[in-house]
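**Student:** One structure coming up, written as structure tokens, with questions to follow.
What follows is calculated from the coordinates using simple rules that are stated; it is not laboratory data. For clarity, every value in this text was computed on a predicted model and none was experimentally measured. Don't worry about glycine lacking a Cβ; one is built from the backbone with ideal geometry, like all the others, and counts go over all protein chains shown.
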Amino acid sequence: MPKRGRRPRRAARRSPKAAEAATILFINTLAYERRTPVASVDDALKGLQDFFDRTIKTHGADPRGVDWKSPAAQEVRFDQLLKLHTDAAQPFSLVDYGCGYGALVGYLQARGYAFTYTGYDMTPAVIDTARATWGAVPGCTFTTRLDDVPPADYVVGSGLFNMKFAATPVDAWYDHMLATIEIMWGRAQQGLAFNALTAYSDPEYMRADLYYPDPCRLFDHCKRRLSRQVALLHDYGLYDFTLLVRREPA
């Protein structure tokens, strides 16, 4: 990992098409903020519901529907999260916290995993799309009610903390992040995995409406508060990192 103050090695350069897509997303979120004041975590969460309600209705079951730029980047992130469970033949249960349209279901199916799955998302239109896409898959359920989310072997979250809107205080969003991690950990019987954008991103690509936490600070939090079995993955060519937290053997 690069030292503080030293510019990290760049991930692969973005193509003109990818750069254009990122610019359009930034303009869309800034336009939303001009229409709808966002000044607190509650405001941001309501804003996110409204934002994703529009994107999923516009793009449907597609990475763009949940503000991801491409299936390839989405799958790279799934690869990191599923390092929690590498034996595809060994059945396991999983909660996908902030599941979007349930793309992780297709990823697991394509790789032959034996699994049961609960997808949770706070946006009703997103869950409606997930049910329409994957609801017929045996062992898969979707809900907008946190109380309906059961314990599972693993709880994972991808992109949960990325968008905060520019006006949301950074410290408040960090506290929200820690509170959400605690909720996820409370349902994780064997392990937890989540990702976030990284504070080591190149400054010229960082956006005011996104959140870039310090991966070392989060590693320390998970190590001290959750488990001694923590892995920080920051070597997969994207501008984010993944933390894996495993329950310690009894």
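**Student:** Please give the FRET efficiency for residue 86 paired with residue 132, using the beta carbon to beta carbon distance and R0 = 45 Å, rounded to the nearest 0.05.
**Tutor:** 0.90
**Student:** How big is the dipole moment of segment 16-246 about its Cα centre under a simple scheme where the beta carbon of each Lys and Arg is +1, that of each Asp and Glu is -1, and everything else is neutral? Debye, nearest 20, please.
**Tutor:** In total the dipole reaches around 220 debye.
**Student:** Ordered by residue, what ³J(HN,Hα) values in Hz, to whole numbers, does segment 242-248 give under the Karplus form 6.51 cos²θ - 1.76 cosθ + 1.60, where θ = phi - 60° and Gly and Pro are x?
**Tutor:** 10, 10, 10, 10, 10, 5, 6
**Student:** For residue 70 and residue 250, what is the calculated FRET efficiency with R₀ set at 45 Å and r taken between the beta-carbons, to the nearest 0.05?
**Tutor:** Calculated transfer efficiency: 0.65.
**Student:** How many lysine pairs in segment 16-246, separated by 8 or more positions in sequence or lying on different chains, have Cα atoms less than 26 Å apart?
**Tutor:** So the count of such lysine pairs works out to 12.
**Student:** Additional query: Quick one: 3J(HN,Hα) in Hz for segment 192-204, Karplus 6.51/-1.76/1.60 with θ = phi - 60°, rounded, Gly and Pro as x.
**Tutor:** With the stated coefficients, segment 192-204 comes to 10, 9, 8, 10, 7, 5, 10, 5, 8, 4, 5, x, 5 Hz.
**Student:** Which one of 191, 250, 203 is farthest out on the positive end of the charge dipole of segment 163-250, using unit charges on Cβ (Lys, Arg +1; Asp, Glu -1) and the Cα centre as origin?
**Tutor:** Farthest along the dipole direction, towards plus: 250.
**Student:** Which of the trypsin sites (Lys or Arg not before Pro) found in segment 172-250 are in a DSSP loop and have at most 10 neighbouring Cβ atoms, other than their own, within 10 Å?
**Tutor:** Counting only loop positions with at most 10 other Cβ atoms within 10 Å, the trypsin sites (Lys or Arg not before Pro) in segment 172-250 are 228.
**Student:** Now for a different question. Please compute the modelled spin-label separation between residue 178 and residue 79, points set 7 Å along Cα→Cβ, answer in nm with one decimal.
**Tutor:** About 3.3 nm, to one decimal.
**Student:** Measure off 7 Å from each Cα along the Cα-to-Cβ vector at residue 208 and residue 166, then give the distance between these two points in nanometres to one decimal.
**Tutor:** Label-label distance for residue 208 and residue 166, simple model: 0.3 nm.
**Student:** Work out from phi, with θ = phi - 60° and the Karplus expression 6.51 cos²θ - 1.76 cosθ + 1.60, the ³J(HN,Hα) of each residue of segment 138-154, listed in order in whole Hz, and give x for Gly and Pro.
**Tutor:** x, x, 10, 10, 9, 8, 9, 9, 4, 4, 8, 7, x, x, 8, 4, 10
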